[in-house]
Amino acid sequence: MAEEKKGQDAWDSTQWHEVKKGETLWKIAETYYGDGSLYTKIFEANRDVLSDPNRIKVGQKLRIP
Amino acid sequence: MKKYLKLSAILVIVLFVAACASDKKPAEEAIKAAEAAVNSAKGEAMKYVPDQVKGLEDGLKSAKDAFAKKDYKAALAAVKDIPAKAKDLAAAAAAKKGELTKTWEDMSGGLPKMVEAIKSRVDILSKSKKLPAGMDQAKFDGAKSGLTEITQMWDDAQKAFQGGNLADAVSKANTVKDKAAQIMDTLGMKAPAAAAPAKKG
């Protein structure tokens, strides 16, 4: 069972997306923003884990600003 | 015999008056002490447990009424528990203040995170050529005006806190929390655990 978040962790409002097979940043941006060309927003928010917007891995957790 | 009866009646009256007068001073002092206790607890209590203040004031009033009617025994009886109750009232107010302070500290750290996340999403969606599936322009406009509303209300909550009105600040912050959770839902975002609606059952 997942441990319930407490204190300020419980207020964490970061939105996450777990990459599935066949997904691209463009496709993820379409899902959340309706416009694939806004994929750069996701890329910029994940620069700590992404070095190339064309290289995302299945199972990777990405922040969705 | 007649003289004896007359003397007896006078004696009874004198004793009665003396007995009543002997209760006057203690009743007067007890009322003063109770009033002081109520006044000292009242300031904070009115802010945090106003409903409990009335009961105490009613007790004090009935003691004063009895005193005015020279019923010193009744006045003493009405006032005797008030100092202890005033102490309980002060303790209840302090407990409520502590609870509200903790809630405020928690929310004042967390709510700006929600508001910031909503603002970020609204900014991005404002640049989108097309809205995501499940969202239409009316819903998005509603979310945008909701964001303006909660930003203003959060300002108001902080002002209430700075002005020492903790209960009002927490009430406003709760409204911000609920409204922010609704907006996040509209925008297809997940509300943080602290703002998620309570589970039923």
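The values are calculated or read from the model by the stated rules, or taken from the named source; none is laboratory data. Bear in mind that the values here come from a model prediction, so they are computed numbers and not experimental data. When we count neighbours, we look across all protein chains shown, and the Cβ atoms used for this are built from the backbone with ideal geometry, even at glycine.
Assorted remarks:
- Residues in region A:1-26 that are of a type in the set (Lys, Arg) and within 27 Å of B:ALA180 (Cα to Cα) were compared, and the one that is nearest to the other protein chains (Cβ to nearest Cβ) is A:LYS5.
- Of all residues in region A:30-41, those being facing chain B (nearest Cβ under 9 Å) and either in a helix (DSSP H, G or I) or modelled with pLDDT under 95 (or both) number 7.
- Residue that is farthest from the chain's Cα centre (by Cα) [pool: residues in region B:145-189 that are among the basic types (Lys, Arg) and surrounded by 15 or more Cβ atoms within 10 Å (Cβ to Cβ)]: B:LYS179
- Residues that are at pLDDT 95 or above and either at positive phi or not in a helix (DSSP H, G or I) (or both) are absent from region B:138-145 altogether.
- A Cβ distance below 8 Å, combined with a sequence gap of six or more or placement on separate chains, defines the contacts here; from region A:40-65, residues that are of a type in the set (Gly, Ala, Ser) reach residues that are assigned to a loop (DSSP other than H, G, I, E, B) in the pairs A:ALA45/A:ILE64; A:ALA45/A:PRO65; A:GLY59/A:VAL19.
- The selection criterion, being surrounded by 12 or more Cβ atoms within 10 Å (Cβ to Cβ) and either within 12 Å of the chain's Cα centre (by Cα) or not acidic (Asp, Glu) (or both), holds for A:GLY36.
- Complete set of residues in region B:101-114 that are buried (at least 20 other Cβ atoms within 10 Å of the Cβ) and of a type in the set (Gly, Ala, Ser): B:GLY110
- Qualifying position, being of a type in the set (A, V, I, L, M), facing chain A (nearest Cβ under 9 Å), surrounded by fewer than 16 Cβ atoms within 10 Å (Cβ to Cβ) and out of contact with any His (no Cβ under 9 Å at 6 or more places or on another chain), among B:ALA133, B:ALA194, B:ALA94, B:ALA117: B:ALA133
- Among the residues of region B:9-50, those identified as modelled with pLDDT under 90 and of a type in the set (A, V, I, L, M) are B:ALA9, B:ILE10, B:LEU11, B:VAL12, B:ILE13, B:VAL14, B:LEU15, B:VAL17, B:ALA18, B:ALA19, B:ALA21.
- For the criterion of being assigned to a helix (DSSP H, G or I) and either away from chain A (no Cβ under 13 Å) or closer than 30 Å to B:SER40 by Cβ (or both), B:ASP106 fails.
- Verdict on B:ASP168 being among the charged types (D, E, K, R), touching a Lys or Arg at 6+ places or on another chain (Cβ under 7 Å) and away from chain A (no Cβ under 14 Å): no
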